There are 2 protein chains.
Amino acid sequence: CAMGRAVGLVGLLVGLFLVPAVLVSTSLRHGAPRSDPEPEAAEWELASGAVSEDSLWPLPQWLRTSSRQLQLAPGRFQLVHGAGSSAGPACGLLQDAFRRYYGYMFGQSHRRKPSRRPLGDRAEPELLQLQVVIESGDPGCHRYPHLESSEAYHLTVSEPVAVLKADEVWGALRGLETFSQLVHEDDYGSFLVNESEIDDFPRFAHRGILLDTSRHYLPVKSILTTLDAMAFNKFNVFHWHIVDDQSFPYQSISFPELSNKGAYSYNHIYTPADVHLVIEYARLRGIRVIPEFDTPGHTESWGKGQKDLLTPCYSGGQPTGSFGPVNPILNTTYDFMSKFFKEISSVFPDAYIHLGGDEVDFSCWKSNPEVKEFMRQQGFSIDYAKLESYYIQKILDIVSFYNKRQVVWQEVFDNKAQLKPDTVVQVWKNNLYALELSSVTGAGLTAVLSAPWYLDYISYGQDWKKYYSIEPLNFPGSEKQKKLLIGGEACLWGEFVDATNLTPRLWPRASAVGERLWSSRNVTNLKDAYTRLTNHRCRML
Amino acid sequence: CAMGRAVGLVGLLVGLFLVPAVLVSTSLRHGAPRSDPEPEAAEWELASGAVSEDSLWPLPQWLRTSSRQLQLAPGRFQLVHGAGSSAGPACGLLQDAFRRYYGYMFGQSHRRKPSRRPLGDRAEPELLQLQVVIESGDPGCHRYPHLESSEAYHLTVSEPVAVLKADEVWGALRGLETFSQLVHEDDYGSFLVNESEIDDFPRFAHRGILLDTSRHYLPVKSILTTLDAMAFNKFNVFHWHIVDDQSFPYQSISFPELSNKGAYSYNHIYTPADVHLVIEYARLRGIRVIPEFDTPGHTESWGKGQKDLLTPCYSGGQPTGSFGPVNPILNTTYDFMSKFFKEISSVFPDAYIHLGGDEVDFSCWKSNPEVKEFMRQQGFSIDYAKLESYYIQKILDIVSFYNKRQVVWQEVFDNKAQLKPDTVVQVWKNNLYALELSSVTGAGLTAVLSAPWYLDYISYGQDWKKYYSIEPLNFPGSEKQKKLLIGGEACLWGEFVDATNLTPRLWPRASAVGERLWSSRNVTNLKDAYTRLTNHRCRML
């Protein structure tokens, strides 16, 4: 197990979980029912004599490595701004990244044998610096990453200095991750890197992880840990499914009763300071935060702190006391939503807001006499999908007014809402998702794929291979349509996930999705992926 | 979430995993494929207004509680040896348990508001002591628990003192766990207990957890954490599947090369001190440690450090260089096994050793010309099960010589080895396990059931209900046969388990097995179990 990263994921979190370095396994296993296929022969095995490229994840678009090795002395090696860079010491984002990656590469500095032998005795020449050069006039140090940000970088490692060039800081972050993955320790604890050249850029611009903080509350620290792991895998979108039926942990400034009454407890909320911390921590890692405030369904928790927001359900001509989706027939609903999304638009800097729109249950609307009457007046007949689209349309208009673009779940498209051309449709239904991608992009809309990557569904064995083997562009459509698929998201819904199992359930399974969305289409060899992913997991630990 | 236990499982281990107190969930969930049944409506919900018996796990055999509540003042409450007890301050096991359960009940002592109001203002009377009385002349403070140990106890909680009576310290440990589960905090942070009377004893004498430290090494701390959790669930056997094909982490005194060459690394071993620590930590919790040294199959790792122990495999008349099961035809094999099991018999104090004997692959034996010749000489014809039994018989004799009883996997019985009447046969094959139980007990042998409780097999949702709903005695047989089923084990094989996911994968799923093996046969209500298990999980966290 490469020991390069003493700081990181589980190793950092869990003093007790002394990480087993070498992992399993061959041969029969006791207990496989005879009727089942034999379980996978091996999980994560140590790749002995690993060289640099055995450990890169996700695999860069283009790389050339030499067998010539350079040595790094932790006490001397520097990450610096290179000559001609538009970024300098005032670029807090890069300064922070330099320190972070220094720690990943060399650990907590307490080397057992600091500079054991004078360098003159070494056969290997020394690498003294990594020079980072941002080439764009505006490096973006104080901006937020966005869909069109450049994450491309070019890395040259040769004696005596390595050079990392990128248009913007976002590419530099990706290149720093790659450089840190190239550095490894030999048997004697020396830090080495092979002379290499790498040219790299993402295949898809939108590479996301969905966390659900409503079914179970996740402590802010768990979210930050996930953001760290996302950066290790070059993910760049944190889709924050922050509220849902079960709880409303978002503490609204305009409507504090929403979390006061809708959160599991006063303790299980995200304060404005929490939200800001998550956004900034993500920004420093080149990760966008797209919040989802899903309506009109999935809103039971909203109703507790906002009177008359939800539709009263009826039975036998009487209100039952329970509530359905957001009430779409009241002006007060839109007054509330307008004020609410004004706040959201200002709190979350990303250009996109996810508006949900999935799984609307019509039964409560159908039971309500006032909704029925409204349907009649509007000429919707008994087509409740039209009522849903009526509602969604108004929400889309509100959010557009605040200059935000929209992400929606596929039902909003399926129900024929009028969507702006820059709307992103997230495809999640596993049934015939290729045809859905074809329809969405055929209508000229951008799409994000999640259907095959619902990581909350678990099964015995190495399911990462299933996620890895998905080819997102394998749907019927023109070249123009293929360009409209801007990426994908691995979704970890929270019914059976909380802080006690989040990390081992998400990683390294999500890493498979990370490589699929970053690396070239032809990177599909499972055996090679297994070797690299094994080392990558070890490094993440 | 009951806050009574500030010390414990995940909460203690993982500073970062700020445990979410209140958990999920109702309504539709985004992402359930249309063709699937709806996922479970809810996972662990907070039982509001919980009373004592809502939180007991496993449920005692008999209990009566009153609505009258007594208050406990952490600064005054004492766990003491009662009058007439055969145990006193010299009983280190109980002294240790008193301190441990004090911590579980009252946390790390830093109460936010220590003795906020004088007791006179309280409506509730105070409980001042729990007096523990061991009634047997030999309390067992310095002994090891064994199959015939008494774990029965009687607990009376009434003003001003509670009394816990048990024959031996093992029952006192179980009663302390129950008492600690009765203590709860009210909304104001006061510690309360309902006046109660409990009479309790286990339904089955053997209630085990199998951990596999060969497929993945588990740090000693992970094992100790598991032992803590086992005590919370009244498990009393740690079945330590310590070595297997993949690695040999047991550091033998007589044969140090076994782990020097067969462990994953020099770091991934259990030293004699480690083994001793595990055994003592288990003893203090009333848990037996049964080590498994599985032969003749599952021994690949043994071959690395012990020359000529394994059978050389042949192909086309030539040795292939690979090895099969233990070589049963050499005297040196039995010399080695005799010396090895002499050590094991002395290192592990339990009366039983698990000898494995499962899944022997005959293909290598069949390929080896010397084995063939031996078969001919012995008159085994081509029945390799006879060769296996020949080998096992010798191992059984060796271990009997060192005065140890044996546990074996079911194949040893199936292959008709001559087993002593006190041999325990562990039934693990999921196919028709009821018939196997019938056969084993019909032959007058004792049995332990594991087949339906392979917890390494995971699936989406609340699979604890599946484990909970198993009725172990539901097999054809006489009353006498039923008595021969002495218990069961939940097995967590290690192909996909290491320190990063052990705890959330094992708990609270194994708790379902714990209650099934402890509580009365008629304790089967899933809704009631759900409420209690939710509170129990919270307390374990």
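Entry note: the range A:298-388 has Rg to Rh equal to 1.00, where both radii use alpha-carbon atoms and Rh is the Kirkwood radius.
Computed from the C-beta positions of A:Q95 and A:I253 and an R0 of 41 Å, the FRET efficiency is 0.85 to the nearest 0.05.
Across all Cα pairs in the range A:144-299, the calculated P(r) in 10 Å bins from zero up to the longest distance comes to 10, 32, 26, 17, 10, 4, 0 percent per bin.
Each of the peptides A:64-71, B:390-397 was scored by the mean count of other Cβ atoms within 10 Å over its residues; in descending order, highest first, they stand as B:390-397, A:64-71. For the segment B:450-462, counting C-beta atoms of other chains within 10 Å of every residue's C-beta and taking the mean gives 3.
Interface of B with A. Using a 1.4 Å probe and counting protein heavy atoms only, the two chains hide about 6000 Å² of accessible surface, both sides summed.
When Rg and the Kirkwood Rh are both derived from Cα coordinates, the Rg/Rh ratio for the range B:206-540 amounts to 0.97.
Per residue of peptide A:501-510, the mean number of Cβ atoms on other chains within 10 Å of the residue Cβ is 3.
All Cα-Cα distances of the range B:281-321, cut into 10 Å bins from zero to the largest, leave 22, 32, 21, 15, 8, 3 percent in each bin in turn.
Of the trypsin sites (Lys or Arg not before Pro) in the range B:444-541, which ones lie in a loop per DSSP and count no more than 12 other C-beta atoms within 10 Å? Could you put the intermediate results ahead of the total?
Numbers: sites: B:K465, B:K466, B:K480, B:K482, B:K483, B:R505, B:R509, B:R516, B:R521, B:K527, B:R532, B:R537, B:R539; in loops: B:R521.
For trypsin sites (Lys or Arg not before Pro) across the range B:444-541 that sit outside H, G, I, E and B with at most 12 neighbouring Cβ atoms in 10 Å, the list reads B:R521.
Taken about its Cα centre, the range B:313-399 carries a charge dipole of roughly 260 debye when the Cβ of each Lys and Arg holds +1 and the Cβ of each Asp and Glu holds -1.
Under 4 °C and 1.567 mPa s, how fast does the range A:395-457 diffuse according to Stokes-Einstein, given a Kirkwood radius computed over C-alpha pairs? Answer in µm²/s, whole number. Don't skip to the end; give the middle numbers.
Values: Rh = 12.2 Å.
Diffusion coefficient, whole number: 106 µm²/s.
Once you reduce the range A:340-406 and the range B:317-394 to the center of their Cα atoms, the two points are 72 Å from each other.
Label-point spacing for A:K221 across the identical copies (point 7 Å from Cα in the Cβ direction), in nm and ascending order: 1.4.
Considering only Cα atoms, the convex hull volume of the range B:324-444 works out to 116 Å³ per residue. Here each label is just a point 7 Å from Cα along the line to Cβ, and for B:S459 and B:K261 those points are 4.4 nm apart.
Sorting B:417-423, B:96-102 by their mean Cβ neighbour count within 10 Å, with the most densely packed peptide first, gives B:96-102, B:417-423.
Charge tally for B:E436 (other residues, Cβ to Cβ under 12 Å; Lys, Arg +1; Asp, Glu -1): -1.
Among the chymotrypsin sites (Phe, Trp or Tyr not before Pro) in the range B:239-270, those located in a DSSP loop and surrounded by at most 12 other Cβ atoms within 10 Å of their own Cβ are B:Y266.
Across the range A:206-540, the relative contact order, built from alpha-carbon pairs under 8 Å that are at least six residues apart, equals 18 percent. A crude spin-label estimate for the pair A:N525 and A:S346, with each label 7 Å from Cα along the Cβ direction, gives 5.5 nm. Grab the DSSP H runs of chain B that are 4 residues or longer, score each as -39,500 (n - 2.57), total them, divide by all residues and round the 222 nm result to the nearest 500 deg cm²/dmol. One gets -9500 deg cm²/dmol as the mean residue ellipticity at 222 nm. Compute the helix-to-body angle for B:220-232: its Cα long axis versus the longest principal axis of chain B, expressed 0 to 90° and rounded to tens. Helix B:220-232 sits roughly 50 degrees off the main axis of chain B. In terms of packing, defined here as the mean over residues of other Cβ atoms within 10 angstrom, the peptides B:448-458, A:490-500, A:79-89 line up highest first as A:490-500, B:448-458, A:79-89.
Averaged across A:486-499, how many Cβ atoms of other chains sit within 10 Å of each residue's Cβ atom?
Values: counts 0, 0, 0, 0, 0, 2, 0, 5, 6, 15, 10, 3, 9, 9.
Counting other chains' Cβ atoms within 10 Å and averaging over A:486-499 gives 4.
Every Cα-Cα pair in the protein assembly as shown was counted, and those over 46 Å apart are 40% of them. Compared with the dominant Cα axis of chain A, that is its longest principal axis, helix A:433-442 is turned about 80°.
Annotation: aspartates and glutamates with alpha-carbon distance below 16 angstrom to A:K366 (same-chain offsets under eight excluded): A:D383, A:E388. Quick check: the angle from helix B:272-283's long axis to the longest principal axis of chain B, C-alpha only, nearest 10 degrees? Compared with the principal axis, the helix lies near 50 degrees.
Between copies, the label points at B:D335 (set 7 angstrom from Cα along Cα-to-Cβ) are spaced 9.6 nm, reported in nanometres from shortest to longest.
Over the protein assembly as shown, give the accessible area per residue in Å² for a 1.4 Å probe, as an integer. Intermediate values should be presented prior to the final figure.
Numbers: 40380 Å² over 1082 residues.
Accessible area per residue, the protein assembly as shown: 37 Å².
Computed from the C-beta positions of B:K466 and A:R76 and an R0 of 41 Å, the FRET efficiency is 0.10 to the nearest 0.05.
The distance between label points at A:D383 and A:Y402 comes to 3.1 nm (points 7 Å beyond Cα on the Cα→Cβ vector).
Of the solvent-accessible surface of the range A:206-540, computed with a 1.4 Å probe over protein heavy atoms with every protein chain present, carbon and sulfur atoms account for 52 percent.
In this structure, B:D308 and B:D361 have a Cβ-Cβ separation that, at R0 = 22 Å, corresponds to a calculated FRET efficiency of about 0.70. In nanometers and ordered shortest first, the copy-to-copy spacing of the B:G137 label point, defined 7 Å from Cα toward Cβ, is 9.9. All other residues whose Cβ lies under 14 angstrom from that of B:A351 are scored, Lys and Arg at +1 and Asp and Glu at -1, for a net of +3. Past 20 Å, Cα to Cα, is the threshold; run B:K339/B:K394; B:K420/B:K483; A:K342/A:K483 against it and keep the listed order. A:K342/A:K483, as the Cα separations exceed 20 Å there.
The values are calculated or read from the model by the stated rules, or taken from the named source; none is laboratory data. On a predicted model such as this, the values are computed, not experimentally measured, just so you know. Every residue, glycine as well, gets a Cβ built from its backbone with ideal geometry; the counts of neighbours run over all protein chains shown. The area values use the complete protein model at the heavy-atom level, side chains included, leaving out ligands, DNA and RNA. Shrake-Rupley method; radii C 1.70, N 1.55, O 1.52, S 1.80 Å.
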